[in-house]
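A short write-up of the structure that comes next.
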Amino acid sequence: MTHSASVITIDGPAGVGKTTIARRLSETLGISYLDTGAMFRTLALNLGLAAEEMSEEAIKSVCSHYRFQLEGHGITTQLFVNGKLVSSEIRTEEVGMLASRLARLPAIRAVLADIQRSMAAATPLVAEGRDMGTVIFPNARFKFFLDASPEIRALRRMRDAENHDQPTDLAKLTEQIRLRDVQDRTRAIAPLKAASDAICIDTSDKDISEVLGLMLRHIDASGGLFPNR
Ligand code: C5P
């Protein structure tokens, strides 16, 4: 068995609901979840666009000062960086865009790939991001790819923001999501795409519970995450 036998990967574009689904799925299965976008966002917030001008060695050296750690499981899973919870400042669309720019840099991807794989070696995980099923965990036991149109994803993000009393311009949000999609799907390294063996779910006309139900039925029908238990 490889180190990623107890990993469930969820990939998909911005705003498709990966984090919410990953949290709920990990809660049901009693394992941890890893929001890899939060790792890219944290490095982006700290390094800024200046990283684009740095050498690979310099990026690796700076990144070695950021120690990510995963604690707890299910919806109480928490991601720490250097002993502190990842900051809520990373959650803006502007930081998402910056993360997407820096996510094109091989050195940043290499640093995070090592950390993500060592986390999965330590504990069973639901890992969500863009390249979990294609690059980081090609041997994952279960792979899912979620998708929905940019309009629907922007609308969900807007409702989410409104629930947090943060009014948002829908047209601007749709445009930002489209731009990030292009950047993530067309980059040279680890572009956003479904793994050939991933189960693809169009979530456009499904709510969270329906998507979760589909995933759980698939996992159960294939013997569960721990078939030998
Ligand atoms: O998922 P989230 O929107 O938080 O991710 C922010 C950005 O980080 C994405 O747009 C993407 O460019 C990058 N990312 C990535 N690979 C991952 C997770 C995120 O390239 N596994």
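For this structure, a couple of remarks:
- Scanning region 23-30 for residues that are under 30 Å from Glu151 (Cβ atoms), within 13 Å of the chain's Cα centre (by Cα), surrounded by 23 or more Cβ atoms within 10 Å (Cβ to Cβ) and touching a residue at least 24 places away in the same chain (Cβ under 8 Å) turns up nothing.
- Here the condition is being aliphatic (A, V, I, L, M) and closer than 22 Å to Thr28 by Cβ; of Ala198, Ala194, Ala161, it holds for Ala198 alone.
- Condition check for Lys172 on (1) more than 29 Å from His65 (Cβ to Cβ); (2) surrounded by 15 or more Cβ atoms within 10 Å (Cβ to Cβ): one failure, at (2).
- The set of residues in region 179-198 being out of contact with any Gly (no Cβ under 6 Å at 6 or more places or on another chain), under 19 Å from Arg153 (Cβ atoms) and more than 13 Å from the ligand (Cβ to nearest atom) consists of Ala194 alone.
- Taken over region 1-46, residues that are in a helix (DSSP H, G or I) and of a type outside the set (A, V, I, L, M) amount to 14.
- Within region 32-46, if we keep just the residues that are crowded, with 21+ Cβ neighbours inside 10 Å and among the hydrophobic types (A, V, I, L, M, F, W, C), the residue that is nearest to the ligand (Cβ to nearest atom) turns out to be Phe40.
- Note on region 158-169: among residues that are part of a loop (DSSP other than H, G, I, E, B) and out of contact with any helix residue (DSSP H, G or I) (no Cβ under 6 Å at 6 or more places or on another chain), the one that is surrounded by the fewest Cβ atoms within 10 Å (Cβ to Cβ) is Asp165.
- Only helices (runs of 4 or more DSSP H) whose full extent lies in region 53-157 are considered here, and the ones with at least 1 residues that are near the ligand (Cβ under 10 Å from one of its atoms) and closer than 23 Å to Arg23 by Cβ are 93-102, 106-122.
- Condition check for Leu192: more than 22 Å from Ser6 (Cβ to Cβ) and touching a strand residue (DSSP E or B) at 6+ places or on another chain (Cβ under 8 Å): yes
- Checking the stated criteria, Ile136 turns out not to satisfy the condition of being closer than 15 Å to Gly37 by Cα and in contact with a Phe, Trp or Tyr (Cβ under 9 Å, 6 or more places away or on another chain).
- Failed item, numbered, when Gln166 is tested on (1) within 13 Å of the ligand (Cβ to nearest atom); (2) modelled with pLDDT under 95: (1)
- Residue in region 155-207 that is farthest from Arg91 (Cα to Cα), counting only those that are without any contact (Cβ under 8 Å) to a residue 24 or more places away in the chain and hydroxyl-bearing (Ser, Thr, Tyr): Ser196
- Answer from Arg153, Arg141, Arg180 - the residue that is within 24 Å of Thr76 (Cβ to Cβ), surrounded by 14 or more Cβ atoms within 10 Å (Cβ to Cβ) and out of contact with any His (no Cβ under 6 Å at 6 or more places or on another chain): Arg141
The values are calculated or read from the model by the stated rules, or taken from the named source; none is laboratory data. Not measured: the values here are computed from a predicted model. Neighbour counts are summed over all protein chains in view; Cβ atoms, including those assigned to glycine, are modelled from backbone coordinates with ideal geometry.
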